[in-house]
1. Given the structure, is residue 276 under 16 Å from the mean Cα position of the chain (by Cα) and assigned to a strand (DSSP E or B)?
2. Tell me, yes or no, whether the stretch 71-85 has at least one residue that is within 19 Å of residue 41 (Cα to Cα) and buried (at least 23 other Cβ atoms within 10 Å of the Cβ).
3. Among (1) surrounded by fewer than 21 Cβ atoms within 10 Å (Cβ to Cβ); (2) under 25 Å from residue 116 (Cβ atoms); (3) modelled with pLDDT under 95, there is one condition residue 194 misses while meeting the rest; what is its number?
4. Would you tally the residues in the stretch 229-273 being more than 27 Å from residue 32 (Cα to Cα) and in a strand (DSSP E or B)?
5. Restricting the search to the stretch 35-78, which residues are within 18 Å of residue 236 (Cβ to Cβ) and in a helix (DSSP H, G or I)?
6. For the stretch 192-228, what are the residues that are farther than 28 Å from residue 41 by Cα and outside any helix (DSSP H, G or I)?
7. In the stretch 96-133, how many residues are assigned to a helix (DSSP H, G or I) and either within 20 Å of the chain's Cα centre (by Cα) or at pLDDT below 95 (or both)?
């Protein structure tokens, strides 16, 4: 185990095998649906979740981990590590950061630093990965924190949605209030930003054009530089694979991941999400 332990939550969208390979501890958020509680990524698979969601009469609700959930993880890790870095969604997007921060204040054995990733989904995942790699290489607490700051400033996340009514009901994108209900089946592109939340970028008329614009937006920022990329999807695996092939052919990918949009996040956006997270070296 690295002397700096790395903790995050399931909203990071990290593929399980990637988290395991880098020694990352993932604390799950919770999905409440039809009287049952499901730990995100543990008790219900993304495929099962989105299949049910498409025909569900009632929509699920979500909740972040409790302070006690984080405290249990921190205290267990404090027996093995010299310090802990816990990386999460911005506090304006979720209560997760606050719960982690309160738990960190209760740990006296080792330093616990709670980091605002300033991004979401696999954007958050890339910040977490950077921290884990620095820790695995023997970095100090200050060096690990510096890596998170560097990547959080560089990472970008863009996604297109199949429909808007899920997001509209969540109240998480005020700009949607100006869109007529007749436009619910358009294919908008959003940028997930830690400071302002999910911001509407543009509204392509077709899904095909929306996917093409994802690549164009990435090209405008990445250019010909080496780039770290992750494609995330919610029940549209064929579209995700086509996007992966396109990006692999067009860009100098240092790494290229495919991952599912976690059910807890998908509860607010619905099925059909297709997005890309990336940062350049």
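The values are calculated or read from the model by the stated rules, or taken from the named source; none is laboratory data. Being a predicted model, the structure only gives us computed values, none of them experimental. Ideal geometry is used to build each Cβ from the backbone, glycine not excepted, and the neighbour counts take in all protein chains shown.
1. Yes: the conditions hold for residue 276.
2. Checking the stretch 71-85: not a single residue is within 19 Å of residue 41 (Cα to Cα) and buried (at least 23 other Cβ atoms within 10 Å of the Cβ).
3. Condition not satisfied by residue 194: (1).
4. Qualifying residue count, the stretch 229-273: 7.
5. 46, 47, 48, 49, 50, 51, 52, 53
6. 201, 202, 203, 204, 205, 206, 223, 224, 225, 226
7. 19
Residues are listed down the side, and each one gets a yes or a no for (1) surrounded by fewer than 22 Cβ atoms within 10 Å (Cβ to Cβ); (2) assigned by TED's automatic domain parsing to the domain that holds residue 16; (3) at positive phi; (4) modelled with pLDDT of 95 or more:
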residue: 213; (1), (2), (3), (4): yes, no, no, yes
residue: 221; (1), (2), (3), (4): yes, no, no, no
residue: 234; (1), (2), (3), (4): no, no, no, yes
residue: 237; (1), (2), (3), (4): yes, no, no, yes
residue: 249; (1), (2), (3), (4): yes, no, no, yes
residue: 256; (1), (2), (3), (4): yes, no, no, yes
residue: 268; (1), (2), (3), (4): yes, no, no, no
residue: 271; (1), (2), (3), (4): yes, no, no, no
residue: 275; (1), (2), (3), (4): no, no, no, yes
